[in-house]
């Protein structure tokens with residue numbers, strides 16, 4: 001285990017913005033975490049846990065210690081006739097886990113294909129796409145308290161999952177490092193086509209047999225058609241959450257915009273991308289950053305933008321949407 005000084009994080013975030021960590025270390029197992037927490041060099045330093053860097057915007061240098069979680073491993077813990085319990089290291093790439101699952105004809109996370117980032121971030125963010133969220137298959141996670149150094153288990157209820165939210169973004173933010181998670185995947189066919197875009201795409205393909213792999217491939221095609229590859233264009237996927245609105249607000253908006261896209265489950269959510277597009281930001285581009293021309297939810301770094309420049313762009317978008325619709329957008333991306 002090698003603690004580095006003044007480490008650039010340029011290649012550790014998908015926005016490709018530069019930020020310097022005062023101290024930086026890769027950790028590969030639980031023992032290294034415990035050893036690190038005893039290290040006098042970082043005693044009293046603020047600790048920041050970094051995974052794939054796919055949902056973060058650095059606007060400044062990081063004072064203290066950045067721990068880059070590299071705990072690997074995918075293990076079958078138990079299985080029955082119908083399902084399989086899997087334990088995954090927090091440093092595994094999320095999409096590698098999805099591919100592992102679909103190759104084995106397992107069901108549960110195929111709708112979450114191509115979401116960037118590491119497994120450890122999945123419960124923090126309660127990642128979701130195309131009608132599925134991580135909480136749908138989540139069982140529990142293992143973590144270490146950064147202050148007491150004790151191993152702590154969080155079950156589904158403990159995590160207090162919400163829309164792109166969990167206890168780790170609120171009450172216990174910054175207090176734990178997640179080391180492993182457990183999920184339950186299904187051997188029996190359990191396909192979720194509740195999301196309209198995915199369902200319509202599947203119907204057009206007229207597949208004779210629908211499998212987790214074919215659903216995953218369809219999701220990948222959809223995402224590739226409207227989202228930029230972070231390896232080619234700096235971005236963090238959806239920058240804003242879809243706002244939750246009241247029924248009265250929706251009815252009022254529908255009078256002026258009859259075709260306004262919205263989603264209704266337990267709450268009414270309106271498309272943030274549509275709000276941004278209607279505020280004339282889609283395809284906007286300045287010298288360093290802009291809004292992706294195929295998906296208004298995605299802010300891009302096309303020419304060495306700083307985190308502050310991207311943040312300033314996001315603030316202007318929020319102001320215009322609020323002015324036009326009286327709806328305040330909330331960031332999905334963590335801004336540091």
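The values are calculated or read from the model by the stated rules, or taken from the named source; none is laboratory data. A quick note: this is a predicted structure, and the numbers were derived from the prediction, not measured. Because the Cβ atoms are built from the backbone with ideal geometry, glycine has one as well, and the counts that use them run over all protein chains shown.
Among the residues of the stretch 204-211, is there at least one that is in contact (Cβ under 8 Å) with a residue 60 or more places away in the chain, assigned to a loop (DSSP other than H, G, I, E, B), touching a helix residue (DSSP H, G or I) at 6+ places or on another chain (Cβ under 9 Å) and within 22 Å of residue 189 (Cα to Cα)? So far as the stretch 204-211 goes, yes, one or more of its residues are in contact (Cβ under 8 Å) with a residue 60 or more places away in the chain, assigned to a loop (DSSP other than H, G, I, E, B), touching a helix residue (DSSP H, G or I) at 6+ places or on another chain (Cβ under 9 Å) and within 22 Å of residue 189 (Cα to Cα). Scanning the stretch 192-203 for residues that are crowded, with 17+ Cβ neighbours inside 10 Å and either in a loop (DSSP other than H, G, I, E, B) or more than 22 Å from the chain's Cα centre (by Cα) (or both) yields a count of 4. Considering 33, 17, 98, the condition of being crowded, with 17+ Cβ neighbours inside 10 Å, at pLDDT 95 or above and not assigned by TED's automatic domain parsing to the domain that holds residue 179 is satisfied by 17 alone. Set side by side, the residues 114, 65 differ, and just one is under 29 Å from residue 234 (Cβ atoms) and in the same structural domain as residue 11 (by TED's automatic domain parsing), which is 65.
Scanning the stretch 238-251 for residues that are surrounded by 14 or more Cβ atoms within 10 Å (Cβ to Cβ) and out of contact with any strand residue (DSSP E or B) (no Cβ under 7 Å at 6 or more places or on another chain) yields 241, 249.
The sole residue among 265, 255 that is without any contact (Cβ under 8 Å) to a residue 40 or more places away in the chain, under 15 Å from residue 325 (Cβ atoms) and not assigned by TED's automatic domain parsing to the domain that holds residue 20 is 255. Within the stretch 137-189, the residues that satisfy the criterion of being surrounded by 15 or more Cβ atoms within 10 Å (Cβ to Cβ) and part of a loop (DSSP other than H, G, I, E, B) are 137, 146, 160, 161, 163, 164, 166, 172, 175, 187. From the list 76, 88, the one residue that fits, being part of a strand (DSSP E or B), buried (at least 23 other Cβ atoms within 10 Å of the Cβ) and either in the same structural domain as residue 143 (by TED's automatic domain parsing) or without any contact (Cβ under 8 Å) to a residue 40 or more places away in the chain (or both), is 88.
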